[in-house]
Amino acid sequence: MQTLTVDLGDRSYPIHIGTSLLDRSELILPHLAQKRVAVVTNTTVAPLYLERLSASLQAAGVAVMPIVLPDGEAYKTWETLNLIFDALLGARAERKTTLIALGGGVIGDMTGFAAACYQRGMPFIQIPTTLLSQVDSSVGGKTGINHPLGKNMIGAFYQPQVVLADTDTLKTLPAREVSAGLAEIIKYGLIWDVEFLGWLEANMDKLRALDAAAIAHAIHRSCEIKAQVVSQDEREGGIRAILNLGHTFGHAIETGMGYGNWLHGEAVGAGMVMAAEASRRMGWLSDADVARSRALIRAAGLPDVAPDLGVDTWLDYMGHDKKVESGKLRFVLLKRLGEAVVTGDMPEATLRATLAACVAPTGD
Ligand code: NAD
Ligand code: GLY
């Protein structure tokens, strides 16, 4: 097992990465304020892993209440969130009861938000079971739900007590979900670490095949970068925004296509190609840099061409972005491979040209 720390003063917490962690209640027990937990999961993950996690906690004398939600991005809503509150109130859960998120990013984001709200804040633990959630969403304390007008627009910053990334759980993940996780891993190379980008190029086949050593390295390096960024800027006053490379475009794709039709990682993949293309048009990336980014995204099994939502729809959905300031769109772009910048200075003509090129490449 490898352990990293997200350094946030008295709210610091460990990320444990390894195999068979679901059976290791000793990693959870020190973080419980009382020997009672509610495990929030969904109808897909529950039959796979709920029993194992519950058995290990119960063997340590912990009372476990399961809360099983419907599965899917389309359920990341107020209505589903309320099911968590209904269950907690119905069972008289207390402020010191701990919520455990067992699942992918949808479960993690909703459970974290429920924990931030229930009795004005109860402790929570992240047990991410998708590649995407192990490298990104379980770390850093962004929690929330979608709104029909915008992705992740309702939420809170609320940090977990501990993150347990059990890499064994990835063995049951569909290949399409593995690719979605690879999008966020590629993101870290593009924004932060060009050497890691090269390593990803050399190891993409192994990663897609879930080679144990390769996947452990990719998760560790991704969490290391994310922990470093979040420690500097927990609430996204500045540098943390670079973790959103491709997301302004990607969130528009997700909202525009209907939540769940494009996976979050797929939308981010196509969105990162758009960000690379926009960076080229700003004079920062070369043609070869864009081609390299696109090739890696394709090699990960991700789409590199965005759906044609229509320019007005694109602009409308991108206007519902958390980076918008004083009504002005801001984008994460690349100064070079391995270095990101947040800018409000992309000319509208460049944005429109990027949209035109990426939904229907013209090759100019
Ligand atoms: P997801 O949670 O929808 O999980 C993908 C699918 O895999 C689901 O059907 C799920 O039930 C299933 N699944 C989960 N674990 C499994 C396993 N081990 N075996 C088989 N199936 C399994 O999607 P995701 O990609 O994990 O997360 C995407 C969400 O995360 C989006 O809502 C996105 O907005 C959010 N996100 C949040 C942050 C953050 O910082 N909070 C960062 C990135 C993404
Ligand atoms: N996934 C973006 C962030 O955590 O800031």
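The values are calculated or read from the model by the stated rules, or taken from the named source; none is laboratory data. Source: prediction; values computed, not measured. Here Cβ is always computed from backbone atoms with ideal geometry, including for glycine, and neighbour counts include all displayed protein chains. These accessible areas exclude ligands, DNA and RNA; they are computed on the full protein's heavy atoms, side chains included. Shrake-Rupley method; radii C 1.70, N 1.55, O 1.52, S 1.80 Å.
Cβ-Cβ distance of Ser286 and Thr313, R₀ of 45 Å, FRET efficiency by 1/(1 + (r/R0)^6): the value works out to about 0.90.
Here the calculated FRET efficiency for Arg95 and Arg352, from their Cβ-Cβ distance with R0 = 41 Å, stands at 0.20, rounded to the nearest 0.05.
Between Ala212 and Ile154, the simple spin-label model (points 7 angstrom out along Cα→Cβ) gives 4.4 nm.
Computed over segment 61-214, the convex hull of the alpha-carbon atoms projects to a mean area of 10.3 nm². In this structure the chain gives 39 Å² per residue of accessible area when probed at 1.4 Å with all protein chains present. Here Asp168 and Ser12 are evaluated by their C-beta separation; at R0 = 35 Å the FRET efficiency comes out at 0.85. The reciprocal of the average 1/r between distinct C-alpha atoms defines the Kirkwood hydrodynamic radius, which for segment 184-330 equals 16.1 Å. In terms of overall dimensions, the C-alpha atoms belonging to the chain reach 64, 41, 36 Å along their principal axes, ordered largest to smallest. Annotation: lysines with alpha-carbon distance below 16 angstrom to Lys35 (same-chain offsets under eight excluded): Lys96. Among the protein heavy atoms of segment 245-364, carbon and sulfur supply 48% of the accessible surface, probe 1.4 Å, non-protein parts ignored.
Length available on full extension from Asp233 to Glu339: 0.36 nm per residue minus the Cα-Cα distance, which gives 36.5 nm.
Taking each DSSP H run with n ≥ 4 as -39500 (n - 2.57) and averaging over every residue of the chain yields -13500 deg cm²/dmol at 222 nm. A straight line joining the Cα centroids of segment 291-364 and segment 8-25 runs 35 Å.
Accessible area per residue (1.4 Å probe, heavy atoms of protein chains only) ranks Lys323, Lys96, Lys206 as Lys96, Lys206, Lys323, with the largest value leading.
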